[in-house]
Amino acid sequence: MRMYLSSFRTGDHPDQMLALLTRPASTTDVAVIANAIDALPDSERRVAVQREFGALAGLGLRPVEVDLRAFFDQPSTWVAAALSRFPLVWVRGGNVFVLRQALARSGADRALTDLLRQDALVYGGYSAGACVLAPDLHGLEQCDDPRAVRTAYGDRPRWDGLALLDYVVVPHIDSPGHPETEILGIVADRYHAEGVAHQPLRDGQAIVINDRSTRLL
């Protein structure tokens, strides 16, 4: 598997994400999955998506939104076909429970798992986009409201992660200025006390996974 998991946005080492690609950034289309913010008003969501586009275009990439809502309750082969044409998927932060439900209802959870295990694409993401890869999402409700799933989709939240990592990424630790830094510090302390495997990240830091190699930058 190839992954670039940042605490906040593209972090301080986006060159390391680009290094995971097998083609130049200028020829690379990147699928932007922004469903973690589906509970926001449409106008706010559009602004947030454009911000992601600007950041990724600034790296030389060619961003295209893949809105998972278009694949809800459809055969999982549909979203798998859509994602398979991208060498890079970028999963934006937001609410991890909303993101998890969007991945489940679209079939993108299974599709991304298969594509990553086939080494067919790079998974990049930050905050909720990294948190959702954990085996289990319990504890993260202290930061992200599970009730947002009902606001976004009228559904109940799921508590299982994608289990592509065997630990929970806890972003925004010791990150002055980020509004979630204090509560996520409490989450990390709780995980430590309960023996839950986790990796804290300060804003700017990233985890880079390339096959069996994992680096914390």
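Think of the chain as having a plus end and a minus end, set by charges on the Cβ of Lys, Arg, Asp and Glu; of Ala130, Phe71, Ser7, Phe71 sits farthest toward the positive end of this dipole. Spin-label model, Glu182/Ala70: points 7 Å from Cα along the beta carbon direction are separated by 4.1 nm.
Averaged over its residues, the chain has an accessible area of 44 Å² per residue, based on protein heavy atoms and a 1.4 Å probe. Placing a pseudo-label 7 Å from each Cα along the Cα-to-Cβ vector at Asp155 and Asp174 gives an inter-label distance of 3.7 nm. For the peptides 155-168, 82-95, the ranking by mean Cβ contacts within 10 Å, running from highest to lowest, is 82-95, 155-168. For the chain, the residue among Ser43, His178, Pro146 whose Cα projects farthest onto the positive side of the dipole built from Cβ charges is Ser43. Tell me whether region 93-217 comes out rounded, prolate or oblate; compute the Cα gyration tensor, take square roots of the eigenvalues as a ≥ b ≥ c, and use a/c under 1.5 as the rounded threshold. Verdict is oblate for region 93-217. Solvent exposure of Ile186, expressed as accessible area, is near 80 Å², computed with a probe of 1.4 Å over the protein chains only.
Under a model in which nothing but the beta-carbon of Lys, Arg (+1) and Asp, Glu (-1) is charged, region 111-217 shows a dipole of about 160 debye around its Cα centre.
Remark: region 119-172 projects, on average over all directions, an area of 4.5 nm² (convex hull of Cα atoms).
If you take the Cα centroid of region 119-189 and the Cα centroid of region 46-101, the two points sit 17 Å apart.
Dipole magnitude for region 1-135: about 80 debye, using +1 per Lys or Arg Cβ and -1 per Asp or Glu Cβ, origin at the Cα centre. Let a ≥ b ≥ c be the square roots of the eigenvalues of the Cα gyration tensor of region 1-114; is it rounded (a/c under 1.5), or, if not, prolate (a/b larger than b/c) or oblate? In terms of gyration-tensor shape, oblate. The largest accessible area among Phe71, Phe8 belongs to the first residue in Phe8, Phe71, and the rest follow in falling order (1.4 Å probe, all chains). Under the rule a/c < 1.5 gives rounded, and otherwise a/b versus b/c splits prolate from oblate, where does the chain land using the Cα gyration tensor? Since a/c stays below 1.5, the shape of the chain is classed as rounded.
Evaluating kT/(6 pi eta Rh) at 4 °C and 1.567 mPa s, with the Kirkwood radius of region 12-68 over Cα pairs in the Stokes-Einstein relation, gives 106 µm² s⁻¹.
The values are calculated or read from the model by the stated rules, or taken from the named source; none is laboratory data. Keep in mind that what you see is a predicted model, and the values were worked out from it rather than measured. Virtual Cβ from ideal backbone geometry, glycine too; neighbours counted across all protein chains shown. SASA here: full protein model, heavy atoms, side chains in, ligands and nucleic acids out. Shrake-Rupley method; radii C 1.70, N 1.55, O 1.52, S 1.80 Å.
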